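Coordinate-derived values only; no laboratory data. All figures in this text were calculated on a predicted structure; none of them were measured in a lab. No Cβ is skipped: glycine too gets one built from the backbone with ideal geometry, and neighbour counts run over all protein chains shown.
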Amino acid sequence: MANILRNRFAAGVMMMLMLLGLTACSSGPIDRNTQFTLGKSLQVNNQSTSTIAVDLVGVNATDYKRWYNYSMTQYFSAGDLMRSGATKATINFTPGSSATLVFSRHNPIWKQWKKDGDTYLFVLAQLPGIRQDMPGPEDPRRLILPLKKSRWPGSANPIKILIKNSGVVCETPPKSKS
């Protein structure tokens, strides 16, 4: 009798673990490479003409409003605590570097963002000439994308993001919420 109870308990535990695994797979972060390309005005012969930093920041629902409203001018100023304390990856375009860079879906930061419960990816670009701060995506230096894998079908193709002197644009829009 004790043996039967142990087997049923073990089967129940296994079933719970499988269900949790399936849930994690479907709600996990984006499982695609992300391709960043500089617009024509920021490149010559497929090479960057200036230094442009692009930060990728995972943001959870609790911190969303703070990141949504934070000044991009302040964020990219020297010694900014919000930037230095962010769980982020930075892509740097430098003069002479390729005008197209790929952020790998295998980068370990994806696991950290998932562990932190991040549901949004903020793409923040330090663009020359833009100085007027606006909230959320009204500021052309800030692009907000959902991190949910189900919003990004077709993992074979990269998500394409264009960095123009007038702002950051997602050329591969996510599926709308279901």
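Taking square-rooted eigenvalues a ≥ b ≥ c of the alpha carbon gyration tensor, is the stretch 110-157 rounded, prolate or oblate, where a/c under 1.5 means rounded and, failing that, a/b exceeding b/c means prolate?
Working: a/c = 2.58, a/b = 1.94, b/c = 1.33.
Prolate.
If you count the DSSP beta bridges with both ends in the stretch 30-170, what percent of them are antiparallel, to the nearest 5?
85 percent
Principal axis lengths of the stretch 72-178 from Cα atoms, whole Å, largest first?
Reported extents, whole Å, longest axis first: 36, 28, 28.
What's the extension gain from C170 to K111 if we count 0.36 nm per residue and subtract their Cα-Cα distance?
Numbers: separation 59, 0.36 × 59 = 21.24 nm, distance 2.26 nm.
Between C170 and K111, full extension yields 19.0 nm more.
At T51 and S97, where each label point lies 7 Å from the Cα along Cα→Cβ, what is the point-to-point distance in nanometres?
A separation of 1.1 nm, rounded to one decimal place.
In terms of modelled amide H atoms, which long-range or inter-chain residues lie less than 5 Å from the amide H of K160?
Q35, E171, T172
So what are the ³J(HN,Hα) numbers for the stretch 106-111, from phi and the Karplus equation (6.51, -1.76, 1.60; θ = phi - 60°), rounded to whole Hz, Gly and Pro as x?
Calculated HN-Hα couplings, in order: 9, 4, x, 5, 4, 5 Hz.
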